[in-house]
Amino acid sequence: MLELTIGQVMILLTILSVILFVSGVSIALVFGIWAVGFTYFSPIFPFVNMSLVAFNELNTFPFVAIPIFIVVGSLINKVGMATRIIDFTRSIGGWLPGSTGNTCIYTAGVFSAITGSNAATTASVGEALYDDLVDEGYDEDFAAATIASGGTLGIIIPPSVLFIIYGITFGVSVSQLFIVGTIPGIMMMISLSATASIIAYRRGYGTSEFSFSVRNILQSTWGARNAFITIGLLIGGIFLGVFTPSESAAVAFTYILGVGLFGSSIQNLRELVEPFLTSIQVMGMIIPIFVSSVMIQQGLSFFNLQTVVADLIMSLGHPALIFVGMIVVMLISGSILDSVPNMILTAPLLAPAAFSLGLDPLTWAVVFMISDAIGFITPPYGLNLYIISGMVDLDYIDVAYAALPYLVALCIVWILFFAFPELNVLSPV
């Protein structure tokens, strides 16, 4: 090994990492092996760099919001808020063609505005509504695909955990990211609902049990008032500049905790342990991937890969070709990488090309994150597909195939906001 150059060593290490990844080794371990290997053989980074990266990247106030959001997402089930949310979304979308299919999409939208997580949204909606979809005649694979697709809203509709990580990593205002991500998130939800309605109408899914009623909407809205107050505290405080994302998460947690304690939903303080354990487990997965991804980004910078990729795409010359080239790269990277590594590694590689097309940093962040969200229902990675297929014991590939109409709908929204950023009126463009 000593006779090899650093470039040759890293090529061999990259091949080893790919083999491990294909073999099913945890992505955190694969990235960690590459990062440690680069640090060990690098001529410019001392071994202590690993500790320095971990400390410097995690020693930031916005990062505090992530575990709190996870606790909030888990706590809403403990206080009975999830049932109230479903009652509301059923009154909004249950009368549309497909009935519970639309209820799933809108429930995912509301859950996203509380949990900020695709995984939590997919799991919560799947647990609550999958059986209802099947009872209404939905094909099992399409029912699972509907839930997985709704889960993509979790990282776009604010508050988003990944927006927080993006802002921390690339020095972009998290609060402004939340604002700019609002309209694309809503449009994604509408496109998913339209897709569910069309397919349900053609295949005869759904029920006529529910009808549009202003009275039901008003009653269910009142019943879900605590959920809307929570969303108001989370998003309204940020939009108005009253709270930072971390502060808004803490305020929302305090409010939900008060609702649970004073409303007798939480009978014993021991019931609070599970949400915190869930948060610890999720953070235990996020942090190693996040830190190793930053170290890999250092390695790519050392080899000047960002410039190479940017120059390669820019060499296509025509803006339309650059546009298409970026779409292809984002689709591929989103389909094979976890969301955090994909964001940290791919976003800066394509940023110069995005800026050359006239996108500002905030608009580019949202455009890239939509592609990251689409990756949740795109094989071979497709985290949401794995989550729901595992929950309901269905074949992953069958669910992925059933999700294709939703994938197309999301891609249309993504390309529209990429090609015409002025559609996002909350963007600074």
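The values are calculated or read from the model by the stated rules, or taken from the named source; none is laboratory data. Here the structure is a predicted model, which is why all the values come from computation and not from measurement. We place every Cβ from the backbone using ideal geometry, glycine too, and count neighbours over all the protein chains shown. Just so you know, the surface numbers come from the protein's heavy atoms only, side chains and all, with ligands and any DNA or RNA stripped out. Shrake-Rupley method; radii C 1.70, N 1.55, O 1.52, S 1.80 Å.
Points worth noting:
- With contacts taken as Cα pairs under 8 Å at a separation of at least 6 residues, the chain carries a relative contact order of 23 percent.
- Two-decimal Rg/Rh across the range 190-319, once Rg and the Kirkwood Rh are taken from alpha-carbon atoms: 1.15
- More than 24 angstrom apart: percent of Cα pairs within the range 75-183: 27
- Dimensions (Å) - the chain, Cα atoms, principal axes, largest first: 75, 49, 43
- 3J(HN,Hα) couplings calculated from phi for the range 140-146 with the Karplus curve 6.51 cos²θ - 1.76 cosθ + 1.60 (θ = phi - 60°) are, in sequence order, 4, 5, 6, 4, 5, 5, 4 Hz; Gly and Pro show x.
- Table column - 3J(HN,Hα) (Hz), the range 66-79, Karplus curve with 6.51, -1.76, 1.60, x for Gly and Pro: 4, x, 5, 4, 5, 4, 4, x, 6, 6, 5, 6, 5, 9
- Annotation for the range 219-233 versus the range 348-389: alpha-carbon center distance of 31 Å.
- Using alpha-carbon coordinates, inclination of helix 245-262 to the longest axis of the chain, degrees: 30
- Heavy atoms of the protein chains alone define the surface here; on that basis the chain has 42 Å² accessible area per residue at 1.4 Å probe size.
- Rolling a 1.4 Å probe over the protein heavy atoms of the range 199-312, with every protein chain left in place, gives an accessible area that is 64 percent carbon and sulfur.
- Descending Cα extents along the principal axes, the range 3-53, whole Å: 31, 28, 10
- Space enclosed by the convex hull of the alpha-carbon atoms of the range 320-380, per residue, Å³: 68
- Computed Rg/Rh of the range 262-351, alpha carbon atoms with Kirkwood Rh: 1.27
- The chain: most fluctuating residue of Ile165, Ile397, Ile85 per GNM, C-alpha cutoff 10 Å: Ile397
- Both numbers refer to the Cα atoms of the range 172-238; Rg and Dmax are 16.5, 47 Å.
- Considering only the Cα atoms of the range 113-153, their convex hull presents on average a projected area of 2.6 nm².
- Highest-MSF residue in the chain out of Gly334, Gly154, Gly204 [GNM, Cα springs under 10 Å]: Gly204
- Principal-axis tilt of helix 49-58 within the chain, Cα atoms, nearest 10 degrees: 30
- Taking each DSSP H run with n ≥ 4 as -39500 (n - 2.57) and averaging over every residue of the chain yields -24000 deg cm²/dmol at 222 nm.
- Among Pro341, Pro46, Pro245, residue whose mean-square fluctuation peaks in a GNM of the chain (springs only between Cα atoms under 10 Å): Pro46
- Over the range 1-141: Kirkwood hydrodynamic radius from C-alpha pairwise inverse distances, Å: 19.1
- Rounded Å value of the spacing that divides the Cα centres of the range 303-324 and the range 62-115: 40
- Helix 339-356 vs. the chain, principal-axis angle (Cα, 0 to 90°, nearest 10): 70
- Taking label points 7 Å from Cα along the Cα-to-Cβ direction, Glu274 and Phe262 give a separation of 2.5 nm.
- Computed from backbone phi, the HN-Hα couplings of the range 186-197 come to 5, 5, 4, 5, 5, 5, 5, 5, 4, 5, 4, 5 Hz, rounded to whole numbers (Karplus: 6.51 cos²θ - 1.76 cosθ + 1.60, θ = phi - 60°; Gly and Pro given as x).
- Its residue count N fixes a reference of 2.2 N^0.38 Å for the range 129-266, and the Cα radius of gyration divided by that reference is 1.27.
- Chymotrypsin sites (Phe, Trp or Tyr not before Pro) restricted to DSSP loop in the range 194-282 with at most 16 other C-beta within 10 Å: Phe212
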